[in-house]
Amino acid sequence: MFALRHIYKSFPNKSVLEDVSLAINRGEVVALIGANGVGKTTLLEILRGELKPDAGTVQANGAVGYVPQEAVLGRTIAGSFSAATASWQIDYALERVGLGSKKPDTLVSELSGGQKTRLAFAVVLAQDPEPSLLLLDEPTNNLDADGLVWLADFVRSFDGAVLLVSHDREFINNTATKIAELHNGKLTQYGGNYNFYREQKELEEAAARMRYQQNVEERNHLTRAITAQREKGKHTHEHIKRSDGDKYQRDFFRNRVTNKFGQQARALEKRLEQLEDVERPDFAKDYKVVLGGEADSSKLVLRLKDIVKGFPEPVLENVDLEIRGGERVHVQGKNGSGKTTLLTIAAGRAQPDSGEVNYGTGISVGYFSQDVDGLDHGTTGLENLVQTEAQMTNIFREARSLGLTNLDLKKPVNELSRGQQAKLGFAKLLLASHHLLILDEPTNHLDIPTREQIESALQQYKGAILFASHDKYFAQKLQPTKELNL
């Protein structure tokens, strides 16, 4: 068993973990989720013993193995392991990850992205002693569909405990037995997979909205009632008269009635003071992403005919595709099958060796690459967005909707993280009101809250979409009308 108990951790000007407790037992797969920058990496570093908490205790009954996002491997397969690792341990670890047929002197540069991920796992499994807790930081990066299937099977069958950080909701659904959400320094746990977590979150958010709304309505009701009582007292004091003209009796009665209204008003004010102060929920403050651009369903948006491309061997052969307004086309295939090549040709960023690329009349095309290469890295984020010629109010609204702060927009693009650059690239895309969006792995480097914001926008978008994505959860949300398999 591994456990964090009442962990606190702060950095200059920022509290990251506040009274965080988490137990991880053998056989459990815990998915640690949360927006970028909330402290997930800090928590992993504390579990690894790389970072000491300010307060709290760490219990570790066994060895910990860590597979980072970008593992540092050697020149060859054998060279990736520690010199002290026995050959039988290396063979055993490679066999477990499906690389047993590879020769030890195989160059790492010759391996696919998925095979490099498997090798990173093998290096960890060959530790002595073998880890009983695996910490996985974005393990699905660089994996195609087959690689994701292998990884999910491996995680489910691992004879120990697993704590994984991932933004891949489909992978979490297929592996997790528990969700741990980190938000504002607090850790909240949910039994089950991601779908169960979302159901519970929606119930919690609905209850929080209702509680906040009821609190607002009660405050408004009491405020109106207090004002009414004060006005009644004032009106009575000013207008009450006696038919017999007795001023003494009139003043006596006037004061009694005024005091009565005043007492009632003070009682209401006391109730208002005692009313619990319910803050507006964070999720209710979010700005919604709004996409412009629309093409009629009968209008031709894009036609690809007999597309051929080779480097020098053919990557694409006689590919045909027609897209009309409102259609959503999902391009699928293994890594190296030509998905990115096809999208760059469709976006006009590359030319086919043969074939035709035709756009509908007046069609504007927006392209988002997985490398976010549409940004000017020598200027600030704000200067990049101003290039869209959108109104400044819309620029700041779209940036805020994707979690980019005013401080982020003032920084040069090359000082932003990959995730922030991806958000900036999407903000630039959203502001341009295109009729066709071409998206190449658009959710790479994005945290789950941002993915959900983008999904919501794309679901409402009335233009056409051509996209490639290994994120099955994202693809299902877009509800493709066509699929193209390469």
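A few notes on this one:
- Peptides ranked, highest mean first, by Cβ atoms within 10 Å: ranges 37-50, 58-71: 37-50, 58-71
- Placing a label point 7 Å from the Cα of Gln351 along the Cα-to-Cβ line, the residues of the range 304-341 whose backbone N sits under 15 Å from it are 308-310.
- Extension gain (nm, one decimal) between Glu205 and Asn335, 0.36 nm per residue minus Cα-Cα: 43.0 nm
- Net charge dipole, the chain: roughly 2520 debye, given to the nearest 20, about the Cα centre with Cβ charges of +1 for Lys and Arg and -1 for Asp and Glu.
- Two-site label geometry, Glu389 and Ser87: point separation in nm, points 7 Å out along Cα→Cβ: 6.9 nm
- Evaluated with a Cβ-only charge set (Lys, Arg +1; Asp, Glu -1), the range 1-120 carries a dipole of roughly 80 debye about its Cα centre, given to the nearest 20.
- Take the Cα of Ser21, go 7 Å toward its beta carbon, and the backbone nitrogen atoms of the range 57-85 under 12 Å from that spot belong to 57.
- Protection proxy ranking of 461-474, 314-327, 216-229 - average other beta-carbon atoms within 10 Å, highest first: 461-474, 314-327, 216-229
- Take the Cα of Leu51, go 7 Å toward its beta carbon, and the backbone nitrogen atoms of the range 442-482 under 19 Å from that spot belong to 447-448.
- Full-stretch length increase - Gln59, His6 - with 0.36 nm per residue and alpha-carbon distance subtracted: 17.9 nm
- Estimated FRET transfer efficiency when R0 is 41 angstrom, pair Thr177-Thr106 (beta carbons, to 0.05): 0.70
- MRE, 222 nm, helices only [DSSP H, n ≥ 4, -39500 (n - 2.57), over the chain, to nearest 500]: -12500 deg cm²/dmol
- Look at the alpha carbon pairs under 8 Å that are at least 6 residues apart: their mean separation over the length of the chain gives a relative contact order of 15 percent.
- Carbon + sulfur, % of accessible area of the chain - ligands and nucleic acids excluded, 1.4 Å: 46 percent
- Assuming charge only on the beta carbon of Lys and Arg (+1) and of Asp and Glu (-1), the dipole of the range 354-411 about its Cα centre is about 340 debye to the nearest 20.
- Average accessible area per residue (Å²) across the chain - probe 1.4 Å, nucleic acids and ligands excluded: 51 Å²
- Positive-pole candidate from Gly185, Ala161, Asn173, dipole of the range 154-211, charges at beta carbon: Gly185
- Cα lying deepest toward the dipole's positive end in the chain, options Leu73, Ile454, Ala475, charges on Cβ: Ile454
- The label-point distance for Asp373 and Lys14, in a model that sets each label 7 Å from Cα toward Cβ, rounds to 3.1 nm.
- Each of Met210, Val372, Thr117 was scored by the projection of its Cα onto the charge dipole of the chain, and the greatest displacement toward the positive side belongs to Met210; charges sit on the C-beta of Lys, Arg, Asp and Glu.
- Segment Tyr212-Asp159, extension gain: residue separation times 0.36 nm, minus the distance between their alpha carbons: 14.6 nm
The values are calculated or read from the model by the stated rules, or taken from the named source; none is laboratory data. If you're wondering where the values come from, they're calculated on a predicted model, not measured in any experiment. With ideal geometry, Cβ positions are generated from the backbone for all residues, glycine too; neighbour counts draw on all protein chains shown. These area figures cover heavy atoms from the full protein model, side chains too; ligands, DNA and RNA do not enter into them. Shrake-Rupley method; radii C 1.70, N 1.55, O 1.52, S 1.80 Å.
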